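One structure is given here, and the rest of the page talks about it.
The values are calculated or read from the model by the stated rules, or taken from the named source; none is laboratory data. Since the model is a prediction, treat every value here as computed from it, not as a measurement. All Cβ positions, glycine included, derive from the backbone under ideal geometry; neighbour counts span all protein chains shown. Protein only, heavy atoms only, side chains kept; ligands, DNA and RNA dropped before computing areas. Shrake-Rupley method; radii C 1.70, N 1.55, O 1.52, S 1.80 Å.
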Amino acid sequence: MTTGPTTKDMLGRSALISVSDAREIMLKHLEETKLSTEIVSLPDGLDRILATALQSHENLPPHPRSVMDGFAVIARDTYGASESMPCYLQISGSVAMGEMPAGSVEKGNCYRIATGGFMPSGSDAVVMHEHTVPVDDTMVEIVKSCGSGTNIIGIGDDIRQGETAVPAGRLLRPQDLGLLAALGCVEVEVFRKIRVGVMSTGDEIIPHYETPQGGQIRNINSIALGALARKCGTEVIDYGIVSDSREIFLPTLQRAVSENDIVLFSGGSSVGVRDLGEQAIEALGPPGVLVHGVKLKPGKPIIIGFSDSTPVFGLPGHPVSAMVCFDLFVKPAIDKISGITDAPYSEPSITATLARNINSAAGRLDLVRVQMRQGDSGPVADPVLGRSGAISTLARAHGYFLIDEDSQGATQGSKVEVFLYR
Ligand SMILES: Nc1nc2c(c(=O)[nH]1)N[C@H]1C(S)=C(S)[C@@H](COP(=O)(O)OP(=O)(O)OC[C@H]3O[C@@H](n4cnc5c(N)ncnc54)[C@H](O)[C@@H]3O)O[C@H]1N2
Ligand code: MOO
């Protein structure tokens, strides 16, 4: 545990813990689940997680190919050639695209070849058009010498037979699908999508398509959290708005736990009289609540618990806080449960100059929303200020940077690492 100013947790018991400690506790409890798999067509493999490693069953390319338009030559024939002292080669053939070239390039000869054409036997280099001058249909002047292998992609230079093309656990990206297409893969075996149950609590919350009467608030969190979960490649089950009366909330939460791999509810995480979150998670059975309250702004009142091996997150009701907690806690849990063991570096960030001073209380991690713009000497981050109940502050933000627990703020003109929203 990190040290820092002692702050009571949300129920006034022990000290709040740091974000990194909370995440560690959570990740330790997440079991490596053995997810079932399914077969999908190659294009449908995008953003899915490959269940079994795929090896290349062939060399790519299977035959040397030209990477330039020009002439397939015997490199030695061109040695010494230059603008002032060109050499002359006889054009004895040409390579048709999509066909194996017939015949062979003999000494003093060459074949016309296009980019991608298979190299005719006997040749070992390609002189690009720009380094030739046509003499007539049968002869070409070479004005630059080339070495063996010039402008050629050799057998297996792309990928060799037996090499791993894509490892198991890879979150499949367009380029992975491209490689698998090159190897003739038609279908891929991927882990099933994990299911995330989402519910919003609060008697003041109404569906977003209804008109609020006095005191009512449209449901932001189910839509926004559901969208975040879908972006992580999950299937979302929306349990809608659930009353924060114990008799209704608890059975709905129990059902959601039995039907999903992860359950999220928002609201009811703080210390108000109606705040049921912690009691409800405890009532689901052991191990119950592991974390309630972290040194984080926004997002302090998060609850992280487990019902047996199913993580249950009580996210703060304020929409910005709920979404911040999703990024910092729920996403890492989803990634682990989903079977991702080989993800591309997934936190795109950019260094930017901070446009104004930002204060922060020592002892907590502050997440500052920013808008990005191009300044005279590189990217500039303008903080978007506002309460965590104001969802527009997040909609206006392009990303965020963090002020860590030990710091009391960030000064205008300093460099910050901005994590970009996609
Ligand atoms: N005395 C204290 N009060 C509060 C504390 C505290 O430490 N002591 N923490 C504050 C912080 S920080 C946050 S964040 C909120 C978290 O509150 P809850 O998680 O208990 O959530 P609610 O009270 O139910 O709602 C808070 C706020 O958010 C609105 N809300 C809730 N759900 C939705 C939804 N689905 N869509 C749109 N808006 C939603 C709700 O109407 C409230 O306005 O507690 C502070 N209080
Ligand atoms: O954490 Mo609350 O999330 O500051 O608004």
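Each peptide in 380-387, 30-37, 174-181 receives the mean, over its residues, of other Cβ atoms within 10 Å, and ordering these scores from highest gives 380-387, 174-181, 30-37.
Taking amide H positions as modeled 1.01 Å from N, with prolines and chain starts lacking one, the residues under 5 Å from residue 399 and 5 or more places away or on another chain are 370, 421.
Using Stokes-Einstein with the Kirkwood hydrodynamic radius over Cα pairs, what translational diffusion coefficient do you get for the chain at 20 °C and a viscosity of 1.002 mPa s, in µm²/s rounded to a whole number? Could the numbers behind the result be given before it?
Working: Rh = 25.9 Å.
So the translational diffusion coefficient is about 83 µm²/s.
Using the Cβ of residue 99 as centre and a radius below 15 Å, the other residues enclosed give a net charge of +2, where K and R count +1 and D and E count -1.
For residue 296, the residues whose amide H sits under 5 Å from its own are 365, ignoring neighbours fewer than 5 places away on the same chain, with H placed 1.01 Å from N.
Here the Karplus curve 6.51 cos²θ - 1.76 cosθ + 1.60, taken at θ = phi - 60°, turns the phi angles of the stretch 176-184 into couplings of 5, 5, x, 5, 5, 5, 4, 8, x Hz, with x standing for Gly and Pro.
Taking a threshold of 20 Å on the Cα-Cα distance, which of the pairs 231/297; 34/336; 28/297; 331/415; 295/336; 193/295 fall above it?
Working: 231/297 24 Å; 34/336 11 Å; 28/297 24 Å; 331/415 26 Å; 295/336 23 Å; 193/295 32 Å.
Distance filter (> 20 Å) returns 231/297; 28/297; 331/415; 295/336; 193/295.
Considering only beta bridges that DSSP places wholly inside the chain, some 70 percent are antiparallel. DSSP beta bridges fully contained in the stretch 218-324 are about 70 percent antiparallel.
Computed from backbone phi, the HN-Hα couplings of the stretch 403-409 come to 10, 6, 4, 7, 9, 9, x Hz, rounded to whole numbers (Karplus: 6.51 cos²θ - 1.76 cosθ + 1.60, θ = phi - 60°; Gly and Pro given as x). Put the Cα centre of the stretch 233-288 next to the Cα centre of the stretch 166-218 and the gap is 20 Å. Scanning residues 5 or more positions from residue 237 or on other chains, those with amide H under 5 Å from its amide H are 196, 197, 198, with H placed 1.01 Å from N in the peptide plane. Dipole orientation for the stretch 312-378: of the candidates 378, 357, 340, 357 has the Cα lying most toward the positive pole (charges on Cβ; Lys, Arg +1; Asp, Glu -1).
For the stretch 65-153, which semi-axes, largest first and in whole Å, follow from the square roots of 5 times the eigenvalues of its Cα gyration tensor? Don't jump to the answer; show the numbers that get you there.
Working: eigenvalues 70, 33, 26 Å².
Taking √(5λ) for each eigenvalue gives 19, 13, 11 Å, largest first.
Couplings 3J(HN,Hα) for the stretch 139-148, derived from phi with the Karplus relation 6.51 cos²θ - 1.76 cosθ + 1.60 (θ = phi - 60°), are 9, 9, 9, 9, 10, 8, 6, 9, x, 4 Hz, where x marks Gly and Pro. Averaged per residue, the chain has 49 square angstrom of accessible surface, using a 1.4 angstrom probe with ligands and nucleic acids left out.
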